[in-house]
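Everything below concerns the one structure shown next.
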Amino acid sequence: MPQTDTPPPNPPPLGQPLPWRVRALAALLRGFYFGRVRITGARSQPARTAAARLIVTSHRNGAIDGYLVLRAFPAATGLISVQLRKHPVLRWMFGGIVVVRDKDRARFRVRRGAFSDPIAAGCAQLRGGGDLMVFPEGSSEWGHRPLPYQRGAARMARLLLDEGTPFELVPLGLHYARPDALRSRAEVLVGAPVALPPRLPDEPERAFELRLHALITAALDAVSVNCPDAQTFERVEAEARRQMANGASYAQALIAAQNAPPAELAQTPRTRRWPWDALAVAGFCLLLAPILLVGWLAGRKADARNTVTLFRMVGGALMALAWLPCLALLAWRFPLPLAALALLAALGWWRWPQFVHGERA
């Protein structure tokens, strides 16, 4: 079967962040959907110590993971699957250096040379002094341990070290208390920068690359979900949620529980729900009913738990384009009632995490 036409190759970036449209939309959707996105770990406020940063991160919740990375590193660009460039809505929501995997070539019939080589393009981004996020798993899955790490990040690190380009390698763990739940908490766990060794005299390229890959693997495992089986992961999640309800960091509690798995499921303490919370949440649902309904219906089309949030965001965002102008007309016609409903809905949006999920607002 002949291969389909594809967009022209994307030129190598030179240290530039993602387009402002993508960054603004990421902040808007991330802030609305998640109850709280917290940065924690070795550097709760990541500070630049090198001209460029290679950010290697876990992959848990599909394309939305990039939105969380942008919370910690707003100027980063990333490697993205070609499937995010095949639909006009997804092209509008996401940007980055396109990666064509073998399964993408079979599924979308994309020619091998249709896009720039991602390793070369990623190195160009780092040479230009920019931040680059890489998901070494290559795909996301909501499981009890990471998928096998690919060696793309290690290959870029090896090339840059060989040529003497200064950069910093930072591991990131992305953690979701409930990945498919509206207004639940998410956290970005920033690991300590990885100390990268120089290449040994007469060391083959492949051996050096494998040595770097082992360091990257260990650094990612230290900040990511990595349980021996699904039952242990379930107990670890429950313990992390229990500690989060008492004010602890969910990500750090989860990593600690992984290192010493509890023997049985923890009981999350009941949080206090104020009488007016139900009214406020009802106001939130009423004001944004079409957006929430379309988002919920879209989420039912997801093929796995790790893509539910993406489907909900896409469906809800498209519905918002139609519903928000309607609200503007209603506000012009009935300003006082709609203003009162909007204030009630804002309180419901804020109190939703505690009222629905038992998480502190």
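The values are calculated or read from the model by the stated rules, or taken from the named source; none is laboratory data. Everything numeric here is computed off the predicted structure, so don't read it as measured data. Heads up, the Cβs are rebuilt from the backbone with ideal geometry, glycines too, and the neighbour counts pull from every protein chain shown. Only protein heavy atoms, including side chains, enter the accessible area calculation; ligands, DNA and RNA are left aside. Shrake-Rupley method; radii C 1.70, N 1.55, O 1.52, S 1.80 Å.
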Mind pulling the angle between the C-alpha long axis of helix 152-163 and the longest principal axis of the chain? Nearest 10 degrees, somewhere in 0 to 90.
50 degrees
What distance in nm separates the two pseudo spin-label positions at A218 and L327, each 7 Å out from Cα along the beta-carbon direction?
5.0 nm
From the mean inverse distance of alpha carbon pairs (Kirkwood) and the Cα radius of gyration, derive Rg over Rh for the range 205-361.
1.12
I'd like the Karplus ³J(HN,Hα) series for the range 208-222: coefficients 6.51, -1.76, 1.60, θ = phi - 60°, whole numbers in Hz, and an x wherever there's a Gly or Pro.
5, 5, 5, 5, 5, 4, 5, 5, 5, 4, 5, 5, 5, 4, 6
Using only the alpha-carbon atoms, how far is helix 118-127 inclined from the longest principal axis of the chain? Give it as 0 to 90 degrees, nearest 10.
90 degrees
Report the Cα centroid-to-centroid distance between the range 289-361 and the range 58-103 in angstrom, as an integer.
23 Å
Roughly how much of C285 is accessible, in Å² to the nearest 10, using a 1.4 Å probe?
50 Å²
Most fluctuating of T77, T309, T268 in the GNM of the chain (C-alpha, under 10 Å) is T268
Within the range 14-37: backbone nitrogen closer than 16 Å to the A346 label point (7 Å, Cα to C-beta)
32
Roughly how compact is the chain, stated as its Cα Rg over 2.2 N^0.38 Å to two decimals?
1.06
Average accessible surface area per residue within the chain, 1.4 Å rolling probe, Å²
47 Å²
Within the chain, what whole-number % of the accessible surface is contributed by carbon and sulfur, with the 1.4 Å probe and all protein chains included in the calculation?
61 percent
Just to be sure I understand: of the beta bridges DSSP finds with both ends in the chain, what percent are antiparallel, rounded to 5?
20 percent
Most mobile of G143, G247, G96 per a Gaussian network model of the chain (Cα springs, under 10 Å)?
G247
Give me the number: length gained by fully extending R300 to V89, i.e. 0.36 nm times residue separation minus the C-alpha to C-alpha distance, one decimal in nm.
74.1 nm
Percent of Cα-Cα pairs more than 24 Å apart in the range 115-247, please.
39 percent
Determine the order of S139, S224 by accessible area, beginning with the largest, at a probe radius of 1.4 Å.
S139, S224
Order these peptides, 237-243, 19-25, 86-92, by their mean beta-carbon neighbour count within 10 angstrom, highest first.
237-243, 19-25, 86-92
Could you please tell me the mean projected area of the C-alpha convex hull for the range 55-195, averaged over all directions and given in square nanometres to one decimal?
9.3 nm²
